[in-house]
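Working notes, structure below.
The values are calculated or read from the model by the stated rules, or taken from the named source; none is laboratory data. Not measured: the values here are computed from a predicted model. With ideal geometry, Cβ positions are generated from the backbone for all residues, glycine too; neighbour counts draw on all protein chains shown.
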Amino acid sequence: MRIAMDWQRLVPGWLQRRLAAARPQASVDQPERLLGAVELARPALLLAALVLLVICSAMGVIYSAYQYRVLFNQHQNLISDWDELQVEWGQLVLEESAWAANNRIEQVASKRLEMQVPEPGMIEIVRHER
């Protein structure tokens with residue numbers, strides 16, 4: 001009886017009243033009725049369903065954490081690739097400016113195409129008049 005009294009002190013008053021109202025009052029002549037299979041199975045099924053939901057929720061959290069790690073790794077790889085491409089782009093721009101330099105074009109024109117800078121007397125200016 002002492003255990004029952006300690007347990008009742010832990011349960012809030014509103015819950016004690018609700019439990020007392022739900023519990024059928026047994027008369028002195030009738031012994032307490034034993035619970036049937038359906039009455040015992042219902043809480044067990046509810047508990048099993050709740051455990052299953054908790055496990056599913058935990059698996060969802062694990063899966064989302066895994067997906068985050070995979071996506072973060074891909075993001076870091078893309079950033080690394082972008083940095084490498086930026087360096088390569090800078091080198092290509094520098095190479096293009098070296099190939100397009102005026103002195104380089106003049107050297108190629110004189111050596112490969114055997115072109116020469118004209119004498120000032122050979123230059124003629126043509127004007128288009130309307």
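Observations on the model:
- Residue in segment 79-99 that is part of a loop (DSSP other than H, G, I, E, B) and modelled with pLDDT under 90 present: no
- Scanning segment 112-130 for residues that are among the basic types (Lys, Arg), at pLDDT 85 or above and over 60 Å from the mean Cα position of the chain (by Cα) yields a single hit, ARG127.
- Residue match in segment 59-77 (condition: part of a helix (DSSP H, G or I), modelled with pLDDT under 85 and surrounded by 10 or more Cβ atoms within 10 Å (Cβ to Cβ)): no
- Selection within segment 100-116 - surrounded by 10 or more Cβ atoms within 10 Å (Cβ to Cβ) and of a type outside the set (Lys, Arg): ALA101, ILE105, GLU106, GLN107, VAL108, ALA109, SER110, MET115
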